[in-house]
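The values are calculated or read from the model by the stated rules, or taken from the named source; none is laboratory data. Owing to the predicted nature of the structure, the values given are computational and were not obtained by experimental measurement. Here the Cβ is made from the backbone with ideal geometry for all residues, glycine too, and neighbour counts use every protein chain on show.
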Amino acid sequence: MKESYDAIIIGAGVIGAAITLELARKGLKSICVDKVGEAGHGSTAGSCALIRPFYSTLDGAAIAWESHYYWLKWAEHLGVEDERGLIRYVNCGNLVFKSELNNNMVPVMSILDQLGCPYDELSMDEVVARYPFVSRSSFAPVRKLDDPDFGSPNGEELDGAVFFPHGGYVTDPALSAHNLLRAAEAAGATFRLNTKVTAICKAQGRVSGVKIDGGQEIVAPVVVNVAGPHSFKINAMAGVEDDMAIKTRALRHEVAHVPSPIGLDFETHGGHLSDSDTSVYCRPESGNHILIGSEDPECDERIWVDPDDFDRSFSNQWQLQVMRLAQRIPELKIPTKLKGVVELYDVSDDWIPIYDKSGLPGFYMAIGTSGNQFKNAPIVGEMMADLITACETGHDHDANPVTFHLKNIDRTISMGFYSRKREVNQQSSFSVRG
Ligand SMILES: Cc1cc2nc3c(=O)[nH]c(=O)nc-3n(C[C@H](O)[C@H](O)[C@H](O)COP(=O)(O)OP(=O)(O)OC[C@H]3O[C@@H](n4cnc5c(N)ncnc54)[C@H](O)[C@@H]3O)c2cc1C
């Protein structure tokens with residue numbers, strides 16, 4: 001006899017595990033399948049796990065600000081213990097330097113004013129008083145390593161920065177998925193790891209389950225694609241792409257981990273710094289290291305890849321990101337031993353995710369998270385569970401989008417913002433900044 005469930009979730013990353021938890025909490029007999037042997041060991045494990053409220057769209061900022069409260073109250077959200085321990089949310093805030101590239105943060109501050117989200121504007125003197133190791137100089141425009149002017153200040157000083165107290169980072173992103181797995185199991189869900197989905201099954205005009213390697217079929221009237229950078233492959237199996245105006249693809253990304261400058265305890269005296277002037281961001285990493293990611297400047301090549309066949313070794317991009325941060329933190333040394341992460345973003349056409357149904361009844365997707373949706377995972381779990389139960393009881397989400405109440409900031413958003421049928425959102429930064 002075929003195994004039968006109410007819902008199959010493809011992918012046990014932080015978002016797949018969160019959706020599994022919330023569907024189980026709604027009473028659906030749910031199974032989450034993942035081709036790897038641990039929850040959170042897809043792109044989630046490589047995440048920088050930054051929590052920050054600043055986004056270029058109002059809806060993007062609203063849900064991101066809301067997420068801060070979920071991470072603050074993580075134990076309460078889960079309601080269970082995990083034998084591996086719970087993640088730690090380091091609420092150190094986020095400092096974003098004003099620059100030409102981010103229009104001195106004026107558009108972002110206007111969005112946060114509309115939401116009532118707190119922030120402080122700091123002069124460069126105040127920035128240096130808090131973070132004495134940073135340079136005041138501007139280095140714009142962002143350059144490539146072979147540019148003869150790489151690393152030369154342009155003679156101007158930065159105009160200050162904006163500090164967001166409701167932000168920080170999560171210490172162990174893979175563990176956050178495992179925490180959710182334990183909570184989902186406690187709510188009645190099943191996880192089947194080391195199990196690859198090879199086909200999406202259909203019957204009578206709707207989804208009817210999945211086929212897994214070995215040929216076995218698991219039956220369910222609901223299937224959710226949360227396959228991260230493999231999302232487009234699962235959508236192709238389901239044959240749902242023709243109905244989508246927004247598509248997804250996999251983008252290679254490098255993150256460098258380097259030791260802090262000698263004498264600087266970066267966890268205590270540093271924090272999350274975002275610097276559009278040099279197009280990198282950083283945060284403390286364990287062992288008094290600094291984690292350095294790229295803000296995707298236009299001069300850097302974007303490397304779109306097949307998620308089943310890409311180069312996991314570091315390239316010159318690693319060194320470039322470290323040298324860009326060394327412009328802002330002049331005492332930073334460039335180590336010879338390369339450490340860090342090479343991972344994939346699942347990028348949508350406008351760098352805003354798709355949290356939606358599909359043209360195939362019963363088939364749903366939470367994809368296109370574009371390097372910036374770790375923070376929102378627990379909320380996406382709740383939103384998707386609401387969307388799925390509404391659609392499965394006859395609601396026409398395309399005509400009348402489901403709404404979701406962000407309880408901590410008391411704001412209701414329309415899930416139409418994340419529609420697969422939307423026009424490309426021109427307000428987006430078209431980058432990891434969202
Ligand atoms: C380098 C990097 C830095 C980032 N930094 C941040 C940040 O600072 N802040 C932030 O908010 N977000 C950040 N993100 C984004 C965030 O990490 C992702 O949005 C989030 O982890 C996506 O989770 P997911 O569950 O959707 O996907 P994933 O974690 O990728 O999980 C998808 C799962 O699907 C499984 N799968 C795929 N195909 C199949 C199949 N055929 N059968 C079975 N299983 C399958 C995979 O094995 C995988 O485990 C970053 C991402 C990266 C890569």
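Details
- Considering the range 12-26, and only residues there that are within 6 Å of the ligand (Cβ to nearest atom) and not in a helix (DSSP H, G or I), the residue that is farthest from the chain's Cα centre (by Cα) turns out to be Ala12.
- Test: Gly209 is in the same structural domain as Lys26 (by TED's automatic domain parsing) and assigned to a loop (DSSP other than H, G, I, E, B): no
- Residue count for the range 381-405 under the criterion of being farther than 18 Å from Leu360 by Cβ, surrounded by fewer than 19 Cβ atoms within 10 Å (Cβ to Cβ) and not hydroxyl-bearing (Ser, Thr, Tyr): the result is 3.
- Of the residues making up the range 27-84, those that are acidic (Asp, Glu), more than 12 Å from the ligand (Cβ to nearest atom) and either closer than 23 Å to Ile354 by Cβ or touching a strand residue (DSSP E or B) at 6+ places or on another chain (Cβ under 9 Å) (or both) are Asp59, Glu66.
- Test: residue in the range 328-337 that is among the hydroxyl-bearing types (Ser, Thr, Tyr) and in contact with a helix residue (DSSP H, G or I) (Cβ under 7 Å, 6 or more places away or on another chain): no
- For the range 145-163, a residue qualifies if it is in a loop (DSSP other than H, G, I, E, B), within 17 Å of Met109 (Cα to Cα) and either of a type in the set (Gly, Ala, Ser) or without any contact (Cβ under 8 Å) to a residue 60 or more places away in the chain (or both), and exactly one does: Gly160.
- Selection status of Leu72, hydrophobic (A, V, I, L, M, F, W, C) and touching a helix residue (DSSP H, G or I) at 6+ places or on another chain (Cβ under 7 Å): no
- Exclusive hit being in the same structural domain as Asp120 (by TED's automatic domain parsing) and crowded, with 23+ Cβ neighbours inside 10 Å, set Ala161, Ala227, Ala177: Ala161
- Listed by first and then second residue, the pairs linking a residue in the range 195-206 that is more than 16 Å from Tyr364 (Cβ to Cβ) to a residue that is more than 10 Å from the ligand (Cβ to nearest atom) and part of a strand (DSSP E or B), with Cβ atoms under 6 Å apart and 6 or more places separating them unless they lie on different chains, are Thr198/Lys211; Ala199/Lys211.
- Looking across the range 310-349, the residues that are among the β-branched types (Val, Ile, Thr) and either touching a residue at least 24 places away in the same chain (Cβ under 8 Å) or within 12 Å of the ligand (Cβ to nearest atom) (or both) come down to Val322, Ile329, Ile334, Val341, Val342, Val347.
- When residues in the range 241-279 are screened for being in a strand (DSSP E or B), farther than 20 Å from Phe430 by Cβ, away from the ligand (no atom under 13 Å from the Cβ) and not aliphatic (A, V, I, L, M), 1 of them pass.
- Selection within the range 376-434 - of a type in the set (A, V, I, L, M, F, W, C) and within 17 Å of Trp65 (Cα to Cα): Ala377, Ile379, Val380, Met383, Phe404, Leu406, Ile409, Ile413, Met415, Phe417, Val432
- Of all the criteria given as (1) on the phi < 0 side of the Ramachandran plot; (2) assigned to a loop (DSSP other than H, G, I, E, B), the one not satisfied by Gly85 is (1).
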